[in-house]
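The structure under discussion appears below in the form of structure tokens.
The values are calculated or read from the model by the stated rules, or taken from the named source; none is laboratory data. It should be emphasised that the depicted structure is a prediction, and the values quoted were computed from it without experimental measurement. Note that we place each Cβ from the backbone using ideal geometry, even for glycine, and neighbour counts take in every protein chain shown. Calculation scope for accessible area: heavy atoms of the full protein, side chains included, ligands and nucleic acids excluded. Shrake-Rupley method; radii C 1.70, N 1.55, O 1.52, S 1.80 Å.
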Amino acid sequence: MSATRTPRTARPATRPNHQTAHRLALLESMLRIRRFEERCVELYSAARIRGFMHLYIGEEAVAVGVNEALTDDDAVVSTYREHGHALARGVPAEAIMAEMFGKVTGCSRGRGGSMHLFDTDRRFYGGNAIVGGGIPLAAGLALADRMTGRNRVTCCFFGDGAFAEGEFHETANLAALWGLPLLLVCENNLYAMGTALARHQAETDLALRAAGYGMVSWAVDGMDVFAVEDAARRAAEGVRAGSGPHFLEVHTYRFRAHSMYDSDRYRDKAEIERWKERDPVEGLARQMRDAKKLTEKARTAMEDRLSAEIDSAVEAAEQAPEEPVEDLLKYVTSPVEASRP
């Protein structure tokens, strides 16, 4: 493994592939996440979705930008705030919504709910309710690929709060030591639940600390989808080229509270409004309007398509069956274990 590299700020994207069609696709993907999450708020408030729920509103550029750099053969491991990751990965809104409703047609058969989305067909290895719990799992996937000679990337999302967990530091050390094909994406939204970053980390430059493990590490503006995409592409290319794990510290912000149960009294309202001025969704839409690449007619048509898609997902979830009581013990143990006396 090469010597530790000093973290660097991602260079401005040259954007050779940022033609109008690509920008529209990015905007639609971010809008899909935003509108899906907003509908979830309505459904949760009406008690049609229950349990814990953590919204991705404000962080859409991270999921969309990073997933643009991944192939279908790569793997993604997520957190409990994973609706946006799943949608950006291509998990259908209908399967996610059914999971939120606890229906058998959900991507986890209704057994996981908001925090445990899972789709092996798309190599989306789930949300994880344990803070930092997905990080060592991602290392295992990456190790399996290295041992079998498959040139794939495992991308693991986690928050700044998870950076404080032992799982991150143990995994970072082993990943660098073994040169694993692992892309670690830290979504630094400044708060670990209700605790500000500076209150739980003596050194708040997380990319600098990650570089101490010998990983290529740098920070990127997570409110700019192009900056995220550019940084993630370079990181993924580095991983594929065999230069070991890469670490991205993505500076972002959640516009909503930590969860639907959170009263959000620990943040200054003025701070939230300042970050909303950098809304990644409306920021891209504004850029495209100013460049005369997005008309009101096209924006309306996009909104209508997404509204119909989410309406259809909600309707399908409401009509889907719940798992029969007699099937509830299925998949709890493996067939081998179940057959033992």
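Before moving on, here are some points about what is shown:
- Farthest toward positive dipole pole in segment 19-67 [+1 Lys/Arg, -1 Asp/Glu at C-beta], among I49, M30, A63: I49
- Surface listing: W178, W218 arranged by accessible area from highest to lowest gives W178, W218, probe 1.4 Å.
- Segment 221-328 - percent of accessible surface contributed by carbon and sulfur, probe 1.4 Å: 49 percent
- For A192, the residues whose modelled amide H falls within less than 5 Å of its own, excluding neighbours fewer than 5 places apart on the same chain, are L197.
- Amide H to amide H, with H built 1.01 Å from N, V216 comes under 5 Å of F247, counting only residues 5 or more places away or on other chains.
- For segment 184-230: rounded, prolate or oblate by the Cα gyration tensor [a/c cutoff 1.5]: oblate
- Taking amide hydrogens as placed 1.01 Å from N in the peptide plane, the amide H of S108 sits under 5 Å from those of F118, each at least 5 positions away in sequence or on another chain.
- Efficiency of FRET from Cβ geometry, K293 and T204, R₀ 51 Å, rounded to 0.05: 0.85
- Fraction of antiparallel bridges per DSSP, the chain only, in percent to nearest 5: 10 percent
- Solvent-accessible surface ranking, highest first, for E42, E326 at 1.4 angstrom: E326, E42
- Cα gyration tensor category, rounded, prolate or oblate, for segment 83-158 with a/c compared to 1.5: prolate
- Think of each Lys and Arg Cβ as +1 and each Asp and Glu Cβ as -1; about the Cα centre, that makes the dipole of segment 178-267 roughly 220 debye.
- From the Kirkwood radius over Cα pairs of segment 60-204, Stokes-Einstein at 10 °C and 1.306 mPa s returns a whole-number translational diffusion coefficient of 102 µm²/s.
- Kirkwood radius and radius of gyration were both taken over the C-alpha atoms of the chain, and their ratio Rg/Rh is 0.97.
- Note on segment 56-197: with neighbouring protein chains present and a 1.4 Å probe, carbon and sulfur make up 54 percent of its accessible heavy-atom surface.
- Cα gyration tensor shape for segment 234-341, rounded if a/c is under 1.5, else prolate or oblate: prolate
- Modelled spin labels at F52 and E237, positioned 7 Å past Cα toward Cβ, are 3.9 nm from each other.
- R209 exposes around 80 Å² of accessible area when a 1.4 Å probe is run over every protein chain in place.
- Whole-Hz ³J(HN,Hα) from phi, Karplus 6.51 cos²θ - 1.76 cosθ + 1.60, for segment 171-176, glycine and proline x: 5, 4, 5, 5, 4, 6
- Estimated [θ] at 222 nm from DSSP helical runs (n ≥ 4, -39500 (n - 2.57)) normalised by residues in the chain, nearest 500: -13500 deg cm²/dmol
- Solvent-accessible heavy-atom area per residue, rounded to whole Å², over the chain at 1.4 Å: 45 Å²
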